[in-house]
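Following: one structure in structure tokens, then a few remarks.
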């Protein structure tokens, strides 16, 4: 019998699932577009081959120690279930084409690390994207959808045919060496549409009573079990609560799982609905609790005898261990956390949990569909995907990275590298440069590292960013990096140090617009530095961009009556998707007020005058806060001195232009990688 892990004994104990044994209790949840490893997809192929990146992503999860890895998401049907124009048309009957060969190689790779490979099968129903192929979606009912597309109703014969397509796909996975499949029955996909009386108005044996509406799923799972036998794993993914008006709730989920239990080996508990990604917590953000589905999963576990896995906002081994130790679940699934740090399992198992980069739940990797909040006026349905905010070596297939570590030449010598600025970009640059063998000097003007994100010490909404900031500081301290605090870098200091490379990461300053009385407004960062003690009962926030709105959420959270004034026609015009909805909903639900289309013309200590739709308005409050954004810190003179000395120099992060944490981290990492 193997020894119990001394750090997280329950998380790293084996788990019997069906006839298989998982080496630990961590599953790498299905990731959107992982099927890219099957095909070149120009729409998401920014700086490298899509298939290669996706293979690397799966390998990183396997090498990182995941007990099982789920390849998401493939449809057993390529006509009425095809979501994207670049989705591959896989011949599930073939065993000698390129796709099958790649799948076989992928399964062998995953198994070589001791992980269990699983494929996810998903049917879209009415969520099929209108891709202009002239093929109607197919669902429980015949109806016209909001975009004008007509949905055809499944006939009984077509239901049988579709179930057979699932069986054919499962045999394809099995023959390629995969150990089983995850059948997606949640998030509003086809099985959930059959289950829900909101979507299913049939009058035959697939509609009406709960058992009838569950019949599509039970017949599907029963047929898969009969066709595939006991040695093929069947994992069922469900929404424990759809969190939409009129949607399925926890009691429904319990009954659903009890009906399906005889045919499955593992129940994977999520929540939410695809048509409401943010509000339903299909994807949790910083405004939702960590482990959002654990308590619901615990209820389901009490009612079934098969193991139960839970997903949703779990970014720490401590939380995972606690849930398993308490008997609430048997296993946890991590989705975006594996982008943030694919070595999560290994680090936790080795007692290095403090080195884990814990997902911020910021939505940068997957912003979610646009338009969920009523004020979102943008026409783009799917905002562009990006790389992880905190993992500069993201192996997400849609990553924007131009620099791949394995393609970079090793440094020719240990260079003396001066990094100016100890914010997140500067610290990341220092960590990467030190790891590449360079002699690093990190200078920070303030008396502490952290830069502008030190404000997160004063807000619980930003606890994940605070954890990341603290991690960077710890990582700097672990390395032979010379840190000089309270040190302002001047041309004279450059001459004294004589660096061979310089990275400028001096950050940004408050944006001070030429508005009458602007000096009466307190800079937003000063509010955090004073721990909100400089605010009265009521606050006016100047600027309704993401900075201003997130600040307003913090003021509201601390009990201040808050009004936002924004010049444009909606709050947060620079962002979109599920995170924007989460922030806006917090403001709406907690008494925040806002005035849009309002151009500020005068500011007093307790009032603001603005022009709104041709009229002048005046707002009163105890305090006015300037949250109109940041501007790049001017480092032209320092850059000129460095250039004049002929020293290679990189300018990164907010001192290029005020942007986001992910830009600074990625640019710091890239700059350090380019020093050879």
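The values are calculated or read from the model by the stated rules, or taken from the named source; none is laboratory data. A quick note: this is a predicted structure, and the numbers were derived from the prediction, not measured. Quick reminder, even Gly has a Cβ in these numbers, built from the backbone with ideal geometry, and neighbours come from all protein chains shown.
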Residue in segment 180-198 that is more than 27 Å from the chain's Cα centre (by Cα), more than 28 Å from residue 295 (Cα to Cα) and touching a residue at least 40 places away in the same chain (Cβ under 8 Å) present: no
Segment 571-585, residues that are in contact with a helix residue (DSSP H, G or I) (Cβ under 6 Å, 6 or more places away or on another chain) and at positive phi: 572
Qualifying residue in segment 596-607 (condition: farther than 25 Å from residue 511 by Cα and without any contact (Cβ under 8 Å) to a residue 60 or more places away in the chain): no
Conditions (1) closer than 30 Å to residue 291 by Cα; (2) in a loop (DSSP other than H, G, I, E, B); (3) in contact (Cβ under 8 Å) with a residue 24 or more places away in the chain; number of the one not met by residue 202: (1)
Only listed residue being touching a strand residue (DSSP E or B) at 6+ places or on another chain (Cβ under 8 Å), surrounded by fewer than 24 Cβ atoms within 10 Å (Cβ to Cβ), farther than 30 Å from residue 273 by Cβ and modelled with pLDDT of 95 or more, chosen from 522, 556: 522
Any hit, segment 69-86, residues being farther than 17 Å from residue 177 by Cβ, assigned to a loop (DSSP other than H, G, I, E, B), without any contact (Cβ under 8 Å) to a residue 40 or more places away in the chain and more than 20 Å from the chain's Cα centre (by Cα): yes
Scan of segment 501-519 for residues that are farther than 16 Å from residue 547 by Cα and surrounded by fewer than 16 Cβ atoms within 10 Å (Cβ to Cβ), ordered by number: 514, 516, 519
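So that you can scan it fast, the table gives a plain yes or no per residue for (1) within 27 Å of the chain's Cα centre (by Cα); (2) closer than 21 Å to residue 672 by Cα; (3) not assigned by TED's automatic domain parsing to the domain that holds residue 417:
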position	(1), (2), (3)
467	yes, no, no
472	yes, yes, no
476	yes, yes, no
482	no, yes, no
501	no, yes, no
537	no, no, yes
543	yes, no, yes
Some residue of segment 421-441 being closer than 24 Å to residue 531 by Cβ, in the same structural domain as residue 486 (by TED's automatic domain parsing), part of a loop (DSSP other than H, G, I, E, B) and in contact (Cβ under 8 Å) with a residue 12 or more places away in the chain: yes
Residue 582 part of a helix (DSSP H, G or I) and buried (at least 16 other Cβ atoms within 10 Å of the Cβ): yes
Subset of segment 10-34 (residues that are modelled with pLDDT under 95 and either closer than 12 Å to residue 68 by Cβ or not in a loop (DSSP other than H, G, I, E, B) (or both)): 30, 34
Residue within segment 620-634 that is in a loop (DSSP other than H, G, I, E, B), out of contact with any helix residue (DSSP H, G or I) (no Cβ under 7 Å at 6 or more places or on another chain) and closer than 30 Å to residue 434 by Cβ present: yes
Unique match (being over 21 Å from residue 138 (Cα atoms), touching a residue at least 24 places away in the same chain (Cβ under 8 Å) and in contact with a strand residue (DSSP E or B) (Cβ under 9 Å, 6 or more places away or on another chain)) among 109, 57: 109
Residue check for residue 7: crowded, with 21+ Cβ neighbours inside 10 Å, over 23 Å from the mean Cα position of the chain (by Cα) and either over 20 Å from residue 337 (Cα atoms) or modelled with pLDDT of 90 or more (or both): no
Meets criteria (in contact (Cβ under 8 Å) with a residue 60 or more places away in the chain and either on the phi > 0 side of the Ramachandran plot or not in a loop (DSSP other than H, G, I, E, B) (or both)) for residue 588: no
Residues satisfying the stated conditions in segment 345-380, i.e. more than 14 Å from residue 581 (Cβ to Cβ) and either in contact with a strand residue (DSSP E or B) (Cβ under 6 Å, 6 or more places away or on another chain) or at pLDDT below 95 (or both): 345, 364, 365, 379, 380
